[in-house]
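Below you'll find the structure, written out as structure tokens, and then a few comments.
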4 protein chains.
Amino acid sequence: MDEILSTHPKKDTFDLELLRAAIDAAHACASTCATCSDACLHGEDAGSMTRCIDLDNQCAAICRTTADILSRPGPNGDSWRAIVEACIAVCTECAQECAQHAEHHDHCRICAEACRACADACRALLDAAN
Amino acid sequence: MDEILSTHPKKDTFDLELLRAAIDAAHACASTCATCSDACLHGEDAGSMTRCIDLDNQCAAICRTTADILSRPGPNGDSWRAIVEACIAVCTECAQECAQHAEHHDHCRICAEACRACADACRALLDAAN
Amino acid sequence: MDEILSTHPKKDTFDLELLRAAIDAAHACASTCATCSDACLHGEDAGSMTRCIDLDNQCAAICRTTADILSRPGPNGDSWRAIVEACIAVCTECAQECAQHAEHHDHCRICAEACRACADACRALLDAAN
Amino acid sequence: MDEILSTHPKKDTFDLELLRAAIDAAHACASTCATCSDACLHGEDAGSMTRCIDLDNQCAAICRTTADILSRPGPNGDSWRAIVEACIAVCTECAQECAQHAEHHDHCRICAEACRACADACRALLDAAN
């Protein structure tokens, strides 16, 4: 499929590759966190995974919103930075939590990777915009 | 209807009234921004309201996510602060934009009020948590 | 606060009171389901409440989206019916599940009420549109 | 990255490949519709693209929610079908609208493709579940 961002009337005001990378990483992280939350909940030790489930859900919600806002790159205000910063914060916190369960749960190991990748892609986008 | 927050197992870890006020203000702001965006789009001067439509949509998305995260008060991590701060930022920016159109558009006047009310309720919640 | 729906350029194409009632009920249900999910997860019997947590989360997500779409009443397509029907379906299923735990969990009792109220408000809106 | 769905405790209750295809198509469609909406809004003929903007926004919201719910495959209730059916309905309606502008707007051409691909992936998932 062609890259839709390259057809946007304001395409010269943003870095298409960094933007696409951040949107894709945020979607991947949203979906991965949702699955990790669900896998924790349906696992045998759900009662001891509540903090992981909580952070997975928060991270999924914020990544989903970040992907939506980044997919609308026309606006030139400042608020998009605030949601990207919130995304980096929650991805970092969720990655730390999931990493603690990585040995026992493959879904947590995979989720920690997705969170770190999303935080990195968001940080690269912010850095380029400053 | 009874207040569901008062039945939460961790109800002693949060200020129920401030939390309820912030959730309600975020929902009201999300809905008001969505309607303002739609009213701008279907008005006669849609072409000159694009910045207002953009900010309305961003504000609606972030308020919706904030309301969802605040409605799950069990977690004791730090990420909830990041989304509440993003909510204050976008509400403030959207209120400023809508205020500029308040004379000509009743929906922008009402929306600016809802944005300011949400920013205030979020700030009160953050202040009490520090 | 003034009613923003009454300022919409297409206000004559929808029933303002039924629309407002459905938006408010969907927001109330989204928030109530999110809190019920979180309360179940942090309760002593989390392991036996997984189906309730699942349905709460599904219901919260669909109600949130329904409220957003109903808050943008300009479009005159047919897709809004599909999401309102999905909202009625999930509210009905979630109400049945929560009702089974109503004796032991006040949050489930309150949540079942919110789900039924949302299903009713959505059905009233659909009926009037046919 | 490893496939997180294959680590889910209930992985034998769903078709992993069809599920992954539907989640990915829903995310791609959500992002594409959001960009198409934004590109329409910032284009020269925004005033004549309001129906396309409306449907893009509805489609983005429903696809986003569908992707979230499908990413949590543990539940065995019926409500997930209702949101997948709503997703097919809105993708079909949005594809028809965007196809009408495909000659003049590359973003509408790309968006129509993404909508059809998402509807197809959702239908394949539903068909296999019946």
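The values are calculated or read from the model by the stated rules, or taken from the named source; none is laboratory data. For clarity, every value in this text was computed on a predicted model and none was experimentally measured. In this analysis, Cβ positions are derived from the backbone assuming ideal geometry, glycine residues included, and neighbour counts consider all displayed protein chains. With ligands, DNA and RNA removed, areas are computed over all heavy atoms of the protein, side chains included. Shrake-Rupley method; radii C 1.70, N 1.55, O 1.52, S 1.80 Å.
Here are the numbers:
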quantity: Rounded to the nearest 10 Å², the accessible area of D:Phe14 at probe 1.4 Å; calculated: 40 Å²
quantity: Whole-angstrom Cα spans of the range C:1-48 along principal axes, big to small; calculated: 51, 20, 13
quantity: Heavy-atom accessible area, 1.4 Å probe, ligands and nucleic acids excluded: residues of the range D:6-38 down by at least 40 Å² from chain alone; calculated: D:Thr7, D:His8, D:Pro9, D:His27, D:Ser31, D:Ala34, D:Thr35, D:Asp38
quantity: Nearest beta-carbon to the C/B symmetry axis - residue in chain C, distance in Å; calculated: C:His27, 2
quantity: Rounded to whole Hz, the Karplus (6.51, -1.76, 1.60) HN-Hα couplings of the range B:84-101, x for glycine and proline; calculated: 5, 5, 4, 5, 4, 4, 6, 5, 5, 5, 5, 4, 4, 5, 5, 4, 5, 10
quantity: Distance in nm between pseudo-label sites at C:Ala124 and A:His104 (7 Å out along the Cβ direction from Cα); calculated: 4.9 nm
quantity: Solvent exposure ordering (accessible area, 1.4 Å, most first) of C:Arg81, A:Arg123; calculated: A:Arg123, C:Arg81
quantity: Residue-normalised accessible area of the range C:3-89, expressed per residue, 1.4 Å probe, Å²; calculated: 31 Å²
quantity: Charged-residue dipole, Cβ positions (Lys, Arg, Asp, Glu), chain D about Cα centre, Debye nearest 20; calculated: 400 debye
quantity: Computed [θ] at 222 nm, deg cm²/dmol, chain A (DSSP H ≥ 4; -39,500 (n - 2.57); rounded to nearest 500); calculated: -25000 deg cm²/dmol
quantity: Charge context of D:Gln96, other residues only, Cβ under 12 angstrom, K/R +1, D/E -1; calculated: -1
quantity: Inter-copy spacing of A:Asp2 label points, which lie 7 Å from Cα along Cα→Cβ, given in nm from shortest upward; calculated: 4.0, 4.4, 5.9
quantity: Between the range A:85-103 and the range D:62-125, the alpha-carbon center distance in angstrom; calculated: 30 Å
quantity: Protein accessible surface hidden between D and C, which excludes ligands and nucleic acids, total in Å², probe 1.4 Å; calculated: 1700 Å²
quantity: Whole-angstrom Cα spans of the protein assembly as shown along principal axes, big to small; calculated: 57, 48, 45
quantity: Percent RCO, i.e. relative contact order, over the range B:15-129, from Cα pairs under 8 Å lying at least 6 residues apart; calculated: 34 percent
quantity: Copies compared at A:Gln96 - label distances in nm, ascending, label defined 7 Å from Cα in the Cβ direction; calculated: 3.2, 4.4, 5.2
quantity: Sulfur and carbon atoms: percent of accessible area, chain D [1.4 Å]; calculated: 46 percent
quantity: Threshold 50 Å² - residues in the range B:69-95 whose accessible area is reduced by that much or more when the chain is no longer isolated, probe 1.4 Å; calculated: B:Ile69, B:Ser71, B:Arg72, B:Pro75, B:Ser79, B:Glu93
quantity: Ranked packing of C:15-25, A:23-33, most packed first, by mean Cβ within 10 Å; calculated: A:23-33, C:15-25
quantity: Angle between chain A longest axis and helix A:16-41 axis [Cα atoms, degrees, rounded to 10]; calculated: 20 degrees
quantity: Cβ-vector label at 7 Å, D:Arg51, separations to other copies in nm; calculated: 3.1, 4.5, 5.5
